[in-house]
1. So which residues in region 124-167 are within 16 Å of Ile15 (Cα to Cα), in contact with a strand residue (DSSP E or B) (Cβ under 7 Å, 6 or more places away or on another chain) and of a type in the set (S, T, N, Q)?
2. Being assigned to a helix (DSSP H, G or I) and either aromatic (Phe, Trp, Tyr) or surrounded by fewer than 18 Cβ atoms within 10 Å (Cβ to Cβ) (or both) is the filter here, so list the residues in region 144-172 that pass it.
3. Out of Gln125, Gln134, which single residue is buried (at least 16 other Cβ atoms within 10 Å of the Cβ), in contact with a helix residue (DSSP H, G or I) (Cβ under 8 Å, 6 or more places away or on another chain) and among the polar types (S, T, N, Q)?
4. If Tyr53 satisfies every condition in (1) surrounded by 19 or more Cβ atoms within 10 Å (Cβ to Cβ); (2) over 12 Å from the mean Cα position of the chain (by Cα) but one, which is the exception?
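No value in this document is a laboratory result; all are computed from the given coordinates. Since we're looking at a predicted model, the values are computed, not measured. Note that each Cβ is placed from the backbone with ideal geometry, even for glycine, and that neighbours are counted across all protein chains shown.
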Amino acid sequence: MTVIKHSAQRVGVFIDTQNLYHSARHLYKARVNFAEVLKEAVGGRILVRAIAYVISTENGDEKNFFEALTKIGIETKVKGLQVFADGAKKADWDVGLAIDAVKLAPKLDTIIIASGDGDFVPLIQYLDMNEGCQVEVISFGKSSSSKLKEATHAFTDMGEDPRRFIIGQHYD
C-alpha cells in the first residue's frame, strides 16, 4: 500500500507494551526505548493521543516505568495481571487497544499500532475500509506477523536500527 506522511496529519499511537517488551527481551535481552518508538511513529506529524496498554503485577514494581511513559507524553491504561487457578497467567490488552482505536478513528488521519501481533490484522482492515484511516505498524520485524506487515499501509521495522529502539547492550 502507498503511505503518505505529511505534517498536518493527526495521528494516534496505540502501544501494545507487552508485545514490544517481550520482543525486545527475546531478541536483544534488552528493554524498549519508548521515547524513540513514539518519536519515530509520529514522524513530525500532529500527535493527538499516544496510549500504552500496560499490565500491573501484584508487587507493583512497574510504577516507575508507568511514570516514565507519562513523562514522555504517553498515556497509560493499566490492567491487572490475571492469574488462574492452575497458575497460568494472562496479560492481554488486544480488545481494549482495538476498541480505543475504533473510538478515536474519527478524530485521526493515521493510526499507528506499536505491536507485531497478527491479531490486529482485522482491526487494520476495519480502520482502513470503514474509517478511512491510514494504518501504520511499528515493531521488531523478526517477531512480527507477516500478515500484519502485509495488511498495514507502512511497516517500520525497529530491528533495522536496534540501537535506537532498545536500551541495553545486546544488539544482534
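1. Within region 124-167, Ser139, Thr152, Thr156 qualify.
2. Quick first cut of region 144-172, residues assigned to a helix (DSSP H, G or I) only: 146-151, 158-160, 162-165.
Those that are assigned to a helix (DSSP H, G or I) and either aromatic (Phe, Trp, Tyr) or surrounded by fewer than 18 Cβ atoms within 10 Å (Cβ to Cβ) (or both): Ser146, Lys147, Lys149, Glu150, Glu160, Arg163, Arg164, Phe165.
3. Working: Gln125 fails: buried (at least 16 other Cβ atoms within 10 Å of the Cβ).
Result of the check over Gln125, Gln134: Gln134.
4. Unmet for Tyr53, out of (1) surrounded by 19 or more Cβ atoms within 10 Å (Cβ to Cβ); (2) over 12 Å from the mean Cα position of the chain (by Cα): (2).
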